[in-house]
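For reference, the structure is listed below as structure tokens.
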Amino acid sequence: MAGKLSIIMYSGTADKFIPLGVLAQAGAAMGMEVNIFVTGFALLGFLKNRKDAPFPKEFEEMAPALMEGMAKNNVAPWYDMVKQAKELGAHVYACSMMCGVMNLKKEDFGTLVDDIVGAATFLQSAEGGQTLFI
Amino acid sequence: MAGKLSIIMYSGTADKFIPLGVLAQAGAAMGMEVNIFVTGFALLGFLKNRKDAPFPKEFEEMAPALMEGMAKNNVAPWYDMVKQAKELGAHVYACSMMCGVMNLKKEDFGTLVDDIVGAATFLQSAEGGQTLFI
Amino acid sequence: MAGKLSIIMYSGTADKFIPLGVLAQAGAAMGMEVNIFVTGFALLGFLKNRKDAPFPKEFEEMAPALMEGMAKNNVAPWYDMVKQAKELGAHVYACSMMCGVMNLKKEDFGTLVDDIVGAATFLQSAEGGQTLFI
């Protein structure tokens with residue numbers, strides 16, 4: 001029994017996409033049911049025409065060393081980790097309410113986003129598993 | 001069986017109150033047992049004499065567009081969403097330790113806060129459900 | 001049945017270490033199985049030669065009052081709360097991938113860190129309990 005991992009991805013700073021990718025990929029590789037609900041500023045990271053996400057102000061000076069460390073250690077970009085998770089069965093949903101607020105439609109997102117759903121639908125699917133708010 | 005949703009509300013930036021309201025309201029409307037434990041900077045948002053919470057520095061320039069989008073889409077203020085959740089049975093507790101540190105008493109809070117409790121009490125009530133740290 | 005509390009400690013700002021300490025200590029004191037997975041910027045707080053963590057930019061002006069309030073209320077430093085949690089059975093693990101990225105080895109950490117493990121190992125151990133992402 002591998003269990004279920006549900007991730008509400010809200011934060012949109014560049015650093016937070018790394019644990020999203022790592023946890024989604026690790027969970028899916030373990031055979032967990034993985035569902036990601038993208039909302040808030042994190043929606044911007046899933047857009048077809050996405051720009052570089054900002055680094056958190058408190059740790060800005062560490063960004064170059066981190067990027068270099070990730071390259072040296074052959075850490076895949078978060079986008080590829082989520083893609084791998086999806087190939088192993090994970091799903092990615094965008095929050096319908098925030099899509100309305102930001103005036104985003106299904107066609108504005110890249111191929112990672114499977115569908116636009118409401119928070120209630122997501123909470124229901126998350127029942128009985130671990131749920132993280134990133 | 002609708003399950004249980006427990007939310008530890010710590011972050012105090014303005015944006016984070018939106019997912020609090022949405023998730024609490026959606027969970028309560030689904031018939032989930034919803035409990036909110038307010039601590040850290042988020043306590044300031046529940047004060048009787050609360051000021052506008054700050055927007056996260058990294059996304060400050062997006063604040064006006066977001067506010068406009070919420071108004072256009074008739075998204076209720078987070079405060080009203082938590083109130084609706086409470087009318088459906090949700091409870092809101094303030095963290096006793098942080099109230100001590102910030103010198104806050106029950107009468108300093110608005111009507112949303114039901115009581116002041118300790119972290120252990122909250123963790124116990126959260127057992128067996130989904131718990132989020134926002 | 002006391003249950004299980006798993007904490008993924010990612011954020012590295014000074015304030016977030018307080019809920020880590022409080023929740024770990026409260027959970028362990030209640031007899032819960034407590035496991036902490038340290039990753040991202042939070043790794044810096046567990047180093048032998050750690051520096052003061054930055055305060056979040058949005059609430060910087062509140063730092064002195066908070067520190068004073070904690071001293072007046074005899075709130076233990078977070079480090080001591082995690083130590084107490086460990087004396088009650090809690091475990092602290094550092095994320096192997098981020099240790100690689102930041103070029104950190106076991107000997108770079110203080111005595112709080114028990115071991116360096118991967119995200120999959122941690123997710124597996126967290127199964128069936130409450131998991132928080134701080």
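Under the condition of being in a helix (DSSP H, G or I) and in contact (Cβ under 8 Å) with a residue 60 or more places away in the chain, which residue from segment A:24-41 is nearest to the other protein chains (Cβ to nearest Cβ)? In this case the residue turns out to be A:Gly27. Consider segment A:82-103 and keep the residues that are of a type in the set (A, V, I, L, M, F, W, C) and free of Cβ contacts under 8 Å to residues at least 60 places away in the same chain. The one that is nearest to the other protein chains (Cβ to nearest Cβ) is A:Val101. Of all the listed residues (B:Gly21, B:Gly12), the sole one being closer than 30 Å to A:Gly128 by Cα and in a loop (DSSP other than H, G, I, E, B) is B:Gly12.
Residues in segment A:22-47 that are of a type outside the set (A, V, I, L, M, F, W, C) and either within 24 Å of A:Ala120 (Cα to Cα) or surrounded by fewer than 23 Cβ atoms within 10 Å (Cβ to Cβ) (or both): A:Gly27, A:Gly31, A:Glu33, A:Asn35, A:Thr39, A:Gly40, A:Gly45. For segment A:47-63, enumerate the residues that are among the basic types (Lys, Arg) and part of a loop (DSSP other than H, G, I, E, B). Once the filter is applied, which keeps residues that are among the basic types (Lys, Arg) and part of a loop (DSSP other than H, G, I, E, B), segment A:47-63 yields A:Lys48, A:Arg50, A:Lys51.
Which of the residues spanning segment C:104-134 are within 14 Å of chain A (Cβ to nearest Cβ) and hydroxyl-bearing (Ser, Thr, Tyr)? The answer is C:Thr121, C:Ser125, C:Thr131.
Does at least one position in segment A:10-17 carry a residue that is in contact with a strand residue (DSSP E or B) (Cβ under 6 Å, 6 or more places away or on another chain), in contact (Cβ under 8 Å) with a residue 60 or more places away in the chain and of a type outside the set (Val, Ile, Thr)? Looking through segment A:10-17, none of the residues is in contact with a strand residue (DSSP E or B) (Cβ under 6 Å, 6 or more places away or on another chain), in contact (Cβ under 8 Å) with a residue 60 or more places away in the chain and of a type outside the set (Val, Ile, Thr). The set of residues from segment C:101-121 being aliphatic (A, V, I, L, M) and either out of contact with any strand residue (DSSP E or B) (no Cβ under 8 Å at 6 or more places or on another chain) or modelled with pLDDT under 95 (or both) comprises C:Val101, C:Met102, C:Ala120. When C:Leu123, C:Leu112 are screened for being free of Cβ contacts under 8 Å to residues at least 12 places away in the same chain and either among the hydrophobic types (A, V, I, L, M, F, W, C) or surrounded by 15 or more Cβ atoms within 10 Å (Cβ to Cβ) (or both), only C:Leu123 passes. For segment C:64-110, filtered to residues that are outside any helix (DSSP H, G or I) and over 17 Å from C:Phe37 (Cβ atoms), the residue that is farthest from the chain's Cα centre (by Cα) is C:Asn73.
The values are calculated or read from the model by the stated rules, or taken from the named source; none is laboratory data. Quick caveat: nothing in here was measured; it's all calculated off a predicted structure. Cβ coordinates were reconstructed from backbone atoms using ideal geometry, including for glycine residues, and neighbour counts include every protein chain displayed.
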